[in-house]
Amino acid sequence: MAMNLSKHVEVKDNPGMLYMTRRTMNYVFKIAWKEKKIIFFYYILKNIGYVLAEMKMLLLPKLLVDEIVAITEGAALEAHLKNAIIYVALTVLAESLSKLLVDTAEKKIAYYNVFFERIFVYGLSEKSMTMDFEHTEDPTVLNQQNKAKEGISWYSDGVTGMLDSFFNVIYNFFLMIASVTIFLVYCPLILPVQIIGMAIITYFNAKKQKVHAKAFLKLGKVNRLFGYYLFDLAEAKYGKDIRLYDSVDMLTSRSKEFGKESVEIFRERAEGCLKYDYPSQITNAFRDAISYAYMGYQALIGLLTLGDLTMCISAASRLFQSLLWLGMNAQDLMEKCGYAYHYLVYLEYSDNLSKGDKEVKDEKHEIVFENVSFKYPRSDEYVLKNINFKITSGEHLSIVGLNGAGKTTFIKLLCRLYDVTEGRILIDGIDIRDYSTEEYRKLFAVVFQDFQLFAFSLKDNIAMGRADEPLNEKKIEEALKLSGLYEDAVNLDEGLDTRLFKSFDEHGTELSGGQRQKAAISRALYRNAPIVILDEPTAALDPLAEYEIYKKFDALVGGKSAIYISHRLSSCKFCDRIAVFADNTIKECGTHDELVNIKDGLYAEMFAAQAQYYVDAVS
């Protein structure tokens with residue numbers, strides 16, 4: 001299910017509770033009406049059930065008691081007994097029908113809650129996968145992501161949690177009107193007592209709500225760190241390192257630290273709420289004492305019948321309950337919407353990358369870096385400075401340099417995972433910011449050093465792309481043959497349909513490091529993009545497998561442009577030119593033969609060091 005849940009969402013900085021409630025409920029109603037409008041029918045059904053239950057509690061006992069009193073006082077037995085039987089039957093019917101309607105509605109609503117949970121998970125995942133890449137490396141955004149995830153589910157109880165509170169507000173409003181009507185007729189002086197009691201308790205509940213909201217904001221980062229240490233690190237991929245370095249105690253102690261911090265926040269919240277619970281309970285006790293004393297006095301002096309007294313006692317309970325729950329549900333609704341609003345904030349994280357609309361022409365592509373400088377967000381240090389460089393169509397370029405020299409950053413800028421801080425990058429004479437992002441990225445087939453494979457089948461990992469693009473089995477096999485993985489792949493238990501990893505399939509396979517790297521190279525080859533970028537593509541391969549990759553380098557990339565990052569300088573011989581990165585810029589550029597003969601040159605020094613290592617190893 002693909003959907004854009006961020007449409008027509010308006011958010012703003014430092015919003016008030018009423019604003020967050022209005023915007024969130026507007027969003028919730030739109031989603032509910034669009035996806036499952038029948039849910040509103042079940043809420044109406046549920047409230048009809050509640051109304052029948054209130055009739056059983058308020059009206060029918062009064063009528064029944066009055067009939068019984070009339071009989072005990074000598075009234076005609078036949079007529080009053082018949083009425084009493086009817087009222088008993090109506091009580092039983094109201095009870096049974098109320099339970100049937102409420103149970104049916106709640107079961108249906110619970111089902112739809114799961115449905116809406118999935119929708120919001122889709123929305124969260126879609127946003128996480130489509131937002132600017134720089135956001136995925138921003139701790140502030142990651143904390144907001146966690147608040148969004150918890151706010152739309154755990155803390156707000158999702159769509160049905162907010163709709164429950166909304167419809168409870170409506171229901172308790174009408175219950176309040178009914179109770180007030182009874183008191184206006186029978187005991188009007190009780191109303192001020194009930195209203196004052198409700199106002200006091202609502203005040204204390206508002207204080208508790210602020211305590212909850214403050215705790216929620218603190219828990220965003222703490223829960224993310226706690227979850228990382230306690231759950232993420234339990235994944236199988238960390239198993240070898242944890243065991244071999246005997247780091248269980250260290251990791252569990254770290255998780256306990258964040259666990260303690262989390263518990264401390266909950267303790268502060270509980271203690272903060274407790275100091276408001278005591279005065280609320282005292283207020284409620286005084287309300288009961290005053291109300292029941294007044295109604296008892298009214299009955300003793302004959303202003304209320306026994307049936308009236310029964311109804312007024314129930315009405316007193318219902319009035320205070322409705323006033324209390326009206327305030328509490330309204331506060332609960334605002335609190336839940338305040339939590340869920342963080343989901344809307346996350347959906348509306350603005351993208352900094354400008355969105356062009358130009359199409360990429362099907363032609364030879366020339367890449368030009370013009371005075372390009374770059375520093376990462378939230379950093380004052382330049383990673384790259386004044387890069388001026390041209391890559392001609394079909395050229396095979398090797399990029400080398402020490403760790404941290406900016407090689408991978410150079411690729412990220414070219415792929416437009418980040419925009420340049422200064423200068424511009426041109427492809428075919430057009431600023432890459434003017435291209436459609438989707439069209440532009442079709443130019444590249446990239447294997448990053450930290451590439452990822454997924455717990456899908458092997459062929460799905462190779463043919464990753466749009467869901468509406470059918471798999472091409474022949475192309476998959478060709479890509480696997482070029483990377484040298486084909487023989488291993490067809491010998492798997494289910495061939496290319498074998499699922500990777502054992503996360504979801506006990507028969508899944510765990511590829512070796514070299515096989516994983518070949519799978520990533522196969523993915524890039526399958527994409528058949530005009531520009532191929534390989535970042536340390538042979539780092540996990542043994543020397544023989546590496547040699548086979550180099551030997552087939554021209555077959556792998558053919559006449560396409562290729563950018564090849566490597567620390568193994570022997571691989572550079574297969575490329576047309578070599579760019580040497582150092583000191584945040586390109587220090588040297590030329591062929592292998594040219595660079596290796598530069599006296600005191602950086603490339604020559606690096607090559608000699610590696611060559612000496614192999615000589616020493618052989619000797």
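Computed quantities for the displayed model
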| read-out | value |
| --- | --- |
| Identity of the residue in the range 88-134, of a type in the set (K, R) and loosely packed, with under 14 Cβ neighbours inside 10 Å, that ends up farthest from L163 (Cα to Cα) | K99 |
| Residue check, K336 of a type outside the set (G, A, S), more than 30 Å from N584 (Cβ to Cβ), part of a loop (DSSP other than H, G, I, E, B) and touching an Asp or Glu at 6+ places or on another chain (Cβ under 7 Å) | no |
| Filtered residues of the range 579-601 (kept if under 46 Å from the mean Cα position of the chain (by Cα) and of a type outside the set (K, R)) | A579, V580, F581, A582, D583, N584, T585, I586, E588, C589 |
| Within the range 173-221, considering residues that are of a type in the set (S, T, N, Q) and surrounded by 15 or more Cβ atoms within 10 Å (Cβ to Cβ), the one farthest from A289 (Cα to Cα) | Q209 |
| Cβ pairs under 9 Å, 6+ apart, first in the range 487-506 and outside the structural domain of S457 (by TED's automatic domain parsing), second at pLDDT 90 or above and surrounded by fewer than 14 Cβ atoms within 10 Å (Cβ to Cβ) | none |
| In the range 332-377, the residues that are among the acidic types (D, E) and touching a strand residue (DSSP E or B) at 6+ places or on another chain (Cβ under 9 Å) | D357, E359, E366, E370 |
| Any hit, the range 76-93, residues being in contact with a Ser or Thr (Cβ under 7 Å, 6 or more places away or on another chain), in contact (Cβ under 8 Å) with a residue 24 or more places away in the chain, of a type in the set (A, V, I, L, M, F, W, C) and farther than 30 Å from N352 by Cβ | no |
| Flag if V345 is outside any helix (DSSP H, G or I) and of a type outside the set (S, T, Y) | no |
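The values are calculated or read from the model by the stated rules, or taken from the named source; none is laboratory data. All values derive from a computational prediction rather than experimental measurement. No Cβ is skipped: glycine too gets one built from the backbone with ideal geometry, and neighbour counts run over all protein chains shown.
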